[in-house]
Amino acid sequence: MNKIDQEKKSNYKLSSSQEWQIPHLGRIFFARLIDLTISSIPMIILLFLYKVEDWKSATIVTTLNITFLFLYFVLLPIFLKGNTIGKLILNLRLKKENLKINFWDIFCRETYFVFIPTLIQILFQIITLVVFITLNKDKSDETKGKESITLLQNISYLVYVCWYLYIIATIALQKKHQAAIDVKRKIIVKHKVKILKIENIKKEKEKKHSHLKDHKPGLINVDDIEYEVNKMKDKFKNSNSFINNFIKDKFISGAVIRVCKNKKLIYKNTFGLNDIEKNVEMKEDLLFRTYSMTKPLTVVAFLLLVQNNKIYLDTKLEDIYEEFKNTKVLKENNELEDQKEKITMHHLLTMTAGFTYHGIKNETEKLTTKFLKNFATSKDGKYWDYKDFCKNLAKIPLAFQPGTNWYYGIELDVIAAVIEKITGEKFYDYVKENIFEKLKMFDSSFYINNKQKEANVYNCIREENKNTLIKINDFKVFFQQMYQQSPIALGGAGLISTSKDYQNFLNFLIDGKDHNGNQLLDFKFIEMMSKDQLKDLKKYFKWTVNEDYSYGYGVRVKIENKAYPVTNVGEYGWGGLLGSFCLVDMKNKITMNLMISSKPGHNKIIENDFVNEFYKDLQEENLN
């Protein structure tokens, strides 16, 4: 190798990471074949040593066979976290949505795969034996009923083969390669794959080395290191001051902030306490109830379907859920009339369909209040799914004719219902597969899957110009269940996420690409989402922000830059019920999220005063 080749080679380094992926069908079947082979060994030995001569010996052999199978396929996996030897050999693992594989998962799964076909075989053997004995009662030298016995045996083999062909077909046709029982119990087989990456380190070599705590030289990944306080105090001073004063005045207990430029982390910080009584500090990996910051994510989930021509912006809602064909519209005198223009996907995305949230301003709000209460209440231990959701929502009259007004409502929850109907998947499964996994949002879900990492909710009570913060346990507004997955994950309010995860989503909105540069969503759809979609209806857009803003698809959109706070035309984002806030500044390629967990959320103060301080920082840091 010459000097030039050696120099080129030295400019690159090989790194690896491991990811869980959907396995190849052949790997799944070969793992099962290994398991069947291993589990058959005791039976083969038994038949070799023990001769079956009568009912008693047949019963013993059959019982021992089932026992061997139970030990191998059910009890052994209990100690192997749901896995079998075949899966371990081929680097496969059973996974369940944020839950441990339990005994009933394994038992139901192996009943489906092993015990049902085994019991069918045993049943046919018993029938065959009974037929044989019945036809040969006279004990003559000539064996009778050979044809009948052969037919029964062939039928048993056919049923056995058909059962496994059915399993193979369902697994092959299911895009996640799940059997029907796995779909039912939310189990999936994953393959651990080693991903090799070649990185150009020429520029890194030219950089001055930083030193770690043990004084060993090394390159620092700014997205992973723990920043020291003395390195943070000179950054984003105005934002820091605002948040610290907000905590000091007891509007909030604490906060987490994260800022990126060109998708690279430039600032992060935690403030205050997550538990005031126990003096537990706020941490960056806490799980926050993002509430309406779910909406932009649901819009992206929907636009992915539009990109793939699975649905269109002008598709009528009644073509997806026919219940809405007869939905009426409320007139000023509380009389009802038919829809003059049918609700489309565009109406849902822009909040111009006529749905509302709870309230008492009109009959639609009053009925929606009852509707949301019923949504969150179980009946005989059963909660609504999205089919029930749409069936009941369709009975509530719209607050206005579709496309004639703007009103903040549950349209994005209806979009989530549409996604379920179009894909045939649960909304939360679709989002996990197409957004969370692609954007490395590994801690995000639609319920709090780790109570130890929950961002506590504090109620801010103001009396005599002073605030008092009181912790609210198990806060579950707009949730059916908080600590386990419910049938409905609301597309307008259900996301649970960390600051880091949500920042990954915001960075994706810069160009529609994932961490590896793969184009997940064509940028034209992000432009569509983040531009003024109201046009003449902008006059109805009344929110906590100023007149410079209009509404796109699930987000506020800055179309002028005249009023306080001055940001940049094209800046967009949204906030959440408990005060969390996000921002995408396309001009500066800046993304930011501020995670807060306070009731009320003080959204108007944050979206005006905090944003003003944040843009002062961008100016002072030469980022604007």
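Readers should treat all values here as calculations from the given coordinates under stated rules, not as data from a laboratory. Small disclaimer: the values here were computed from a predicted structure and weren't measured. Neighbour counts are summed over all protein chains in view; Cβ atoms, including those assigned to glycine, are modelled from backbone coordinates with ideal geometry.
Among Glu332, Glu464, Glu411, what is the fewest-to-most ranking by other Cβ atoms within 10 Å?
On the way: Glu332 7, Glu464 4, Glu411 26.
By the 10 Å Cβ count, ascending, the order reads Glu464, Glu332, Glu411.
Taking other Cβ atoms within 10 Å as a rough exposure proxy, Glu547, Glu277, Glu420 sort from fewest to most as Glu277, Glu547, Glu420. When both bridge partners sit in the chain, DSSP labels roughly 95% of those beta bridges antiparallel. Phi angles of the range 257-266 translate, via the Karplus equation with coefficients 6.51, -1.76, 1.60 and θ = phi - 60°, into HN-Hα couplings of 10, 8, 10, 10, 10, 6, 6, 10, 5, 10 Hz per residue; Gly and Pro are given as x.
Given their separation in residues at 0.36 nm each and the Cα-Cα distance between them, Lys95 and Leu46 gain 14.2 nm when the chain is fully extended.
Quick one: what do you get for the range 542-624 if you divide its Cα Rg by 2.2 N^0.38 Å?
Working it through for the range 542-624, the quotient is 1.02.
Here the Karplus curve 6.51 cos²θ - 1.76 cosθ + 1.60, taken at θ = phi - 60°, turns the phi angles of the range 32-39 into couplings of 5, 5, 4, 5, 5, 5, 5, 5 Hz, with x standing for Gly and Pro. Counting Cα-Cα pairs of the chain in 10 Å increments starting at 0 gives whole-percent bin shares of 3, 13, 20, 21, 17, 11, 7, 4, 2, 1, 0.
Here Phe478, Phe614 are placed in order of increasing Cβ neighbour count within 10 Å, fewest first, which gives Phe478, Phe614.
Amide H to amide H distances under 5 Å link Leu287 with Glu454, Ala455, where only residues 5 or more positions off or on other chains count and H is placed in the peptide plane.
Using the Kirkwood formula over every pair of different C-alpha atoms, what hydrodynamic radius in Å results for the range 18-192?
Details: mean 1/r = 0.0549 Å⁻¹.
It is 18.2 Å.
Projecting the Cα atoms of Cys260, Leu537, Pro600 onto the charge dipole of the chain (Cβ charges, centred on the Cα centre) puts Cys260 farthest toward the positive pole.
In plain terms, the chain from Tyr312 to Lys146 could stretch by 53.4 nm, reckoned as 0.36 nm per residue minus the Cα-Cα distance.
Helix-only arithmetic for the chain: the sum of -39500 (n - 2.57) across DSSP H runs with n ≥ 4, divided by the residue total, places the mean residue ellipticity at 222 nm at -11000 deg cm²/dmol.
Using unit Cβ charges (K, R positive; D, E negative) and no other charged atoms, how large, in debye to the nearest 20, is the dipole of the chain about its Cα centre?
Details: 93 positive and 74 negative charges, 258 e Å.
Magnitude of the dipole: close to 1240 debye.
Sequence-ordered 3J(HN,Hα) estimates for the range 482-495 from the Karplus curve with 6.51, -1.76 and 1.60 and θ = phi - 60° stand at 9, 10, 7, 5, 8, x, 10, 10, 5, x, x, 7, x, 6 Hz, glycine and proline given as x. Here's how it looks for Lys328: its modeled amide H is under 5 Å from those of Leu398, which are all 5 or more places away or on a different chain. Computed from Cα atoms, the angle from the helix 499-511 axis to the main principal axis of the chain rounds to 80 degrees. Calculate the spin-label point distance for Tyr166 paired with Lys81, positioning each point 7 Å from the Cα along the beta-carbon direction, and give it in nanometres. For the pair Lys81/Tyr166, the computed spacing is 3.3 nm.
Each of Lys466 and Asn279 was given a label point 7 Å from its Cα along the Cα-to-Cβ line. The distance between the two points is 2.2 nm.
A simple spin-label model places the labels of Glu527 and Glu560 2.4 nm from each other, with each point 7 Å out along Cα-to-Cβ. How far is helix 294-307 tilted off the main Cα axis of the chain, in degrees rounded to 10, range 0 to 90? So the inclination is approximately 60 degrees. Students often get this wrong: which residues of the range 146-187 have the backbone nitrogen under 13 Å from the point 7 angstrom along Cα-to-C-beta of Ile122? Zone members listed by number: none at all. Basic side chains Lys and Arg get +1 at the Cβ, acidic Asp and Glu get -1 at the Cβ, and with that the dipole of the range 18-192 about its Cα centre reaches some 980 debye.
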